[in-house]
Amino acid sequence: MKHYRHIFFDLDRTLWDFDAAAEVAFERIYDQYHLKDLGIPNAHEFHMVYHPLNEKLWELYRADQITKDDLNRTRFLKPLEHYGIHDVALADHLSEDYVYWSPRIVRLVPGTMELLEYLKPKYHLHLITNGFEEVQHTKLSGSGMEPFFETLTVSEEVGVKKPNPEIFHYALRKAGATPEESLMIGDEMAVDIDGARAAGIDQIFFNPSGQPTEGECTYEVKTLQEITSIL
């Protein structure tokens, strides 16, 4: 088996349970802004309307077709309009409070801390994320994960986003690592895995759903625990 020295992780939906934290954040903003009075039945339904719209906006953001400000405003404006609510100010408030709460509601993917404790004595650990810089730092500091990582590379500081190979090259330089001694772990084939492969880095595709996905990867696992049989 290849000898790795540097392990690079994606954060959201790989270590940080993004969807579980978001669900709780939606409950908070739903109650805070009395959205039931505006005709939105419950927080879960509002989140289910929001989710696919937000995913499409993130695809546009990764492709540099919209800005961070566009994403933050539109991702709540569109779900509100789904219910016939045309209120830009409310959309802005929801976005601000969601960005505040979601990284402070600590929800980790099962096995995260156990895996980091297992890997830390053996490897140099790093993070590469497309998330917003201030949000990702909050997640790390509040969750107890921060001490495990030597470097954090955020797309905002690089000027390009995964899957662009340049963000991986930047992260390698920051870590003092080479592609040959590095491994990338992430949950998105088209973003984490394809990008790492284009940069010459081996990959572990974290695929908890087990759904068939187009693309090639060095390894594939359904649980974080399985990674200990590879590393």
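The values are calculated or read from the model by the stated rules, or taken from the named source; none is laboratory data. Quick caveat, the model's predicted, so the values are computed rather than measured. Virtual Cβ from ideal backbone geometry, glycine too; neighbours counted across all protein chains shown. These accessible areas exclude ligands, DNA and RNA; they are computed on the full protein's heavy atoms, side chains included. Shrake-Rupley method; radii C 1.70, N 1.55, O 1.52, S 1.80 Å.
Before moving on, here are some points about what is shown:
- Across segment 121-144, the number of residues qualifying as more than 25 Å from D69 (Cβ to Cβ), in contact (Cβ under 8 Å) with a residue 12 or more places away in the chain and not in a helix (DSSP H, G or I) comes to 6.
- The residues in segment 112-153 that are more than 25 Å from A25 (Cα to Cα) and among the polar types (S, T, N, Q) can be counted, and the count is 2.
- Members of segment 147-173 found to be charged (D, E, K, R), more than 24 Å from M113 (Cβ to Cβ) and open to solvent by 30 Å² or more (accessible area, probe 1.4 Å), listed by number: E156, E157, E166, R173
- Residue match in segment 204-217 (condition: over 16 Å from the mean Cα position of the chain (by Cα), part of a helix (DSSP H, G or I), surrounded by 14 or more Cβ atoms within 10 Å (Cβ to Cβ) and on the phi < 0 side of the Ramachandran plot): no
- Just one of the listed residues (Y98, Y118) is part of a helix (DSSP H, G or I), closer than 18 Å to S229 by Cβ and among the hydroxyl-bearing types (S, T, Y), and it is Y118.
- Whether a residue is over 21 Å from L35 (Cα atoms) and in contact with a Leu (Cβ under 6 Å, 6 or more places away or on another chain) was assessed, and L108 does not pass this test.
- Taking the numbered list (1) surrounded by fewer than 18 Cβ atoms within 10 Å (Cβ to Cβ); (2) touching a residue at least 24 places away in the same chain (Cβ under 8 Å); (3) of a type in the set (S, T, N, Q) in turn, N42 passes all entries but (2).
- Once segment 110-133 is narrowed to residues that are within 13 Å of the chain's Cα centre (by Cα) and surrounded by fewer than 20 Cβ atoms within 10 Å (Cβ to Cβ), the residue that is nearest to E157 (Cα to Cα) is E133.
- Within segment 145-202, being among the aliphatic types (A, V, I, L, M), under 18 Å from Y61 (Cβ atoms) and not in a strand (DSSP E or B) holds for V158, V160, I167, A190, V191.
- Count - residues of segment 2-39 that are in a loop (DSSP other than H, G, I, E, B), open to solvent by 60 Å² or more (accessible area, probe 1.4 Å) and either touching an Asp or Glu at 6+ places or on another chain (Cβ under 6 Å) or touching a residue at least 60 places away in the same chain (Cβ under 8 Å) (or both): 4
- You will find that of L152, L183, L140, the residue that is more than 18 Å from L108 (Cβ to Cβ), at pLDDT 95 or above and among the aliphatic types (A, V, I, L, M) is L183 and no other.
- Per this entry, T112 is counted among residues that are modelled with pLDDT of 95 or more, out of contact with any Lys or Arg (no Cβ under 8 Å at 6 or more places or on another chain) and among the β-branched types (V, I, T).
- Here V106 fulfils each of the conditions (1) hydrophobic (A, V, I, L, M, F, W, C); (2) in a helix (DSSP H, G or I); (3) touching a residue at least 60 places away in the same chain (Cβ under 8 Å) apart from (2).
- Hits in segment 76-89 - residues which are open to solvent by 20 Å² or more (accessible area, probe 1.4 Å) and under 21 Å from W58 (Cα atoms): L77, K78, E81, H82, V88
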